[in-house]
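The values are calculated or read from the model by the stated rules, or taken from the named source; none is laboratory data. This one's a predicted model, so the numbers in the text were calculated from it and none came from an experiment. Cβ atoms come from the backbone with ideal geometry, glycine included; neighbour counts cover every protein chain shown. For the accessible areas, the whole protein counts, side chains as well, though only heavy atoms, and no ligand, DNA or RNA atoms are used. Shrake-Rupley method; radii C 1.70, N 1.55, O 1.52, S 1.80 Å.
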Amino acid sequence: MAVKMFAAVSIGSTVTEMKIYEFSPRRTMKEIEWISRRLNLGVDAYTMGRIGRDNIEELCTVLCDFRRIMDGYRVDAYKVCATSAFRESRNMLIMRDYIEKQTGLKIDVLSNSEQRFLDYKSIASVTAEFESIIQNPAAIVDIGGNSMQISLFDKDKLITTQNIRVGNVSTRERLAPLQKNSEHFEKMVTELLNHELAGFAKLYQKDRQIKNLIVVGGNLKELLHKYEKENEKITAVSRTDFQTAYDRLLNMRPEEIVENFDLSVEMMSVLAPSAIFCRCLMENLGADTLWLPGFSLSDGLAYDYALKNHLIQSTHSFEEDIIAAARSMSKRYKCSQAHIKNLEEIALKVFDKMKKIHGMGKRERLLLQISIILHNCGKFISLEDVSECAYNIIMATEIIGLSHAEREMIAYTVKYNTSPFVYYDELTVRTDLGREQYLIVSKLTAILRIVNALDRTHRQKCKNVSVSLKEHELKISVDSQEDLSLEIGTFYEKAEFFEEVFNVHPVFKQKKQL
């Protein structure tokens, strides 16, 4: 493998940065350039609902400079991603089109779950340290301009991930006009966040004792710079050391903060709310150690690119994190885990056997698996309107690692499992899903329907399921001594849509053991 050059550009609420990486034949990833510019896009977005003309022009200038640097390095590929400031702007589509035309760079606007997942991947790039930290109960908190994401881990498993609409830029803009002094500001921020964290602890943390708090964003590295050790990529400080640094910060005047921490006035103004957030988090979660990775979204973009293009290897399974989040969600809504396990096994066999017919890949297989895990969550709300309730639950719940479009595809797959399928012309009235995404929904729905029919009674009567495909016939054979009249009847009722989608006739065969 030749040396590959990649540029990652992240457009944030307060900083727009570019990092250039080199990937060597030894499957190593090395940062060779880092340029950042202060751009206050978040203030516009969170106060006016759109980014103003001056900031747009300044962003174009910065991106054009970045492009010239990319050309100088002769990068093989690049990725430009924008986060919450773009997402929250009413003029996002118009603004993005203008900027792309002026700079020649394509911009992807990340959903919240995509952004947080990439930040999470930036931490996971330090594989050995990351795996060690999350073996004990840990929380990854990603502090952004308009919100923060809290992800709980225990024994290397993602328990839950939740977004709280409290960010360092939006909080500053909201509370600064109300503050009487720095102590009053601290009190208001603490009251605001403690209320949110109390609800989080009651619903999700429960009795779990969090040992490690990993914080991304918020510029807290600047506050704890003295605790950094040479050759360590993640700074770790005790709760006591953090409190010492925190007290020092809160007792400083703004000009002293700028001088002591070598910060711009703008970055200084978001450091205070970030530090207050961190103190509240440590107190509410009960964390003993604060870990501060010196990474950003750009590192996550590069790591993600390298994994997808087989330039580096990772021992951590990110797909398992997505599945774990879905399983946690299904348990919260009291879904039958035995039923789900039974359906997963059968559905994935059907998917794998029909690869040449359906033409879908690994990612679509994951979407099918998540659809199965969540297909009955609507029963928690209503036994009468399960499909609509399930759709609303999935659309209202972010699953880290999935884009908004992927979550919508899962929601429609689950909805049409029992509701009449809606064809493309009618569906476009209510969704922005494209034709390819619609076709994936139809294929996943067809598989989910016939597989769900095999456990219609939720009693797992079908054992040792085998799947074979010959020409235009899919044979599903099961072992069972029980009466399967209900399952067989439901199976052939759902088979019609399956045949319409794949032009394959599904056949059910029961083998009774002697």
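Other residues whose C-beta falls under 13 angstrom from the C-beta of ILE340 contribute a net charge of +2, scoring Lys and Arg +1 and Asp and Glu -1.
Can you tell me which of 382-392, 176-186 comes out highest on packing, and rank the rest after it, using the mean Cβ neighbours within 10 Å? Kindly include the intermediate steps, with their values, before the conclusion.
Details: 382-392: 16.9, 176-186: 12.2.
Ranked by mean Cβ neighbours within 10 Å, highest first: 382-392, 176-186.
Taking Cβ atoms as reference points and 11 Å as the exclusive limit, the residues near GLU319 contribute a net charge of +1, counting Lys and Arg as +1 and Asp and Glu as -1. Round to the nearest 0.05 the FRET efficiency obtained for GLN179 and ASN392 when R0 = 51 Å and r is the Cβ-Cβ distance. According to the calculation, E is roughly 0.85.
When region 47-137 is described by a simple charge dipole with +1 on each Lys and Arg Cβ and -1 on each Asp and Glu Cβ, the residue from SER84, LEU118, SER132 located farthest towards its positive end is SER84.
Let me spell out the model: positive unit charges on the Cβ of Lys and Arg, negative unit charges on the Cβ of Asp and Glu, origin at the Cα centre of the chain. What dipole size does that give, in debye rounded to 20? Please list the in-between numbers first.
Values: 69 positive and 71 negative charges, 279 e Å.
Using Cβ point charges on Lys, Arg, Asp and Glu, the chain gives about 1340 debye.
Decide, for region 141-250, between rounded, prolate and oblate: order the square roots of the alpha carbon gyration tensor eigenvalues as a ≥ b ≥ c, take rounded if a/c falls under 1.5, and otherwise choose prolate if a/b is larger than b/c, else oblate. The shape class here is oblate.
Prolate is the label for the chain, because the ratio a/c of its alpha-carbon gyration tensor axes (a ≥ b ≥ c) is 1.5 or higher and a/b is greater than b/c.
By the helix-only formula, in which each DSSP H run with n ≥ 4 contributes -39500 (n - 2.57) and the sum is divided by residues, the chain has a 222 nm mean residue ellipticity of -16000 deg cm²/dmol. Straight-line reach from LYS187: taking Cα to Cα under 18 Å and skipping same-chain neighbours fewer than 8 places apart, no lysines fall in range.
Which whole-number value in Å² is the accessible area per residue of the chain, probe 1.4 Å?
Working: 23560 Å² over 514 residues.
With all protein chains present, the chain gives 46 Å² per residue.
Packing, as the average of other Cβ atoms within 10 Å across residues, places the peptides 252-260, 135-143, 55-63 in the order 135-143, 55-63, 252-260, highest first. Shape call for region 1-153 from the C-alpha gyration tensor, a ≥ b ≥ c root eigenvalues: rounded (a/c under 1.5), prolate (a/b greater than b/c) or oblate? Here region 1-153 falls in the oblate category.
Of the accessible area of the chain, computed with a 1.4 Å probe over protein heavy atoms only, carbon and sulfur atoms account for 47 percent. Each Lys and Arg adds +1 at its Cβ and each Asp and Glu adds -1 at its Cβ; summed about the Cα centre, region 247-303 shows a dipole of about 140 debye.
Here region 5-134 is assigned +1 on the Cβ of each Lys and Arg and -1 on the Cβ of each Asp and Glu. Its dipole about the Cα centre then comes out at about 180 debye.
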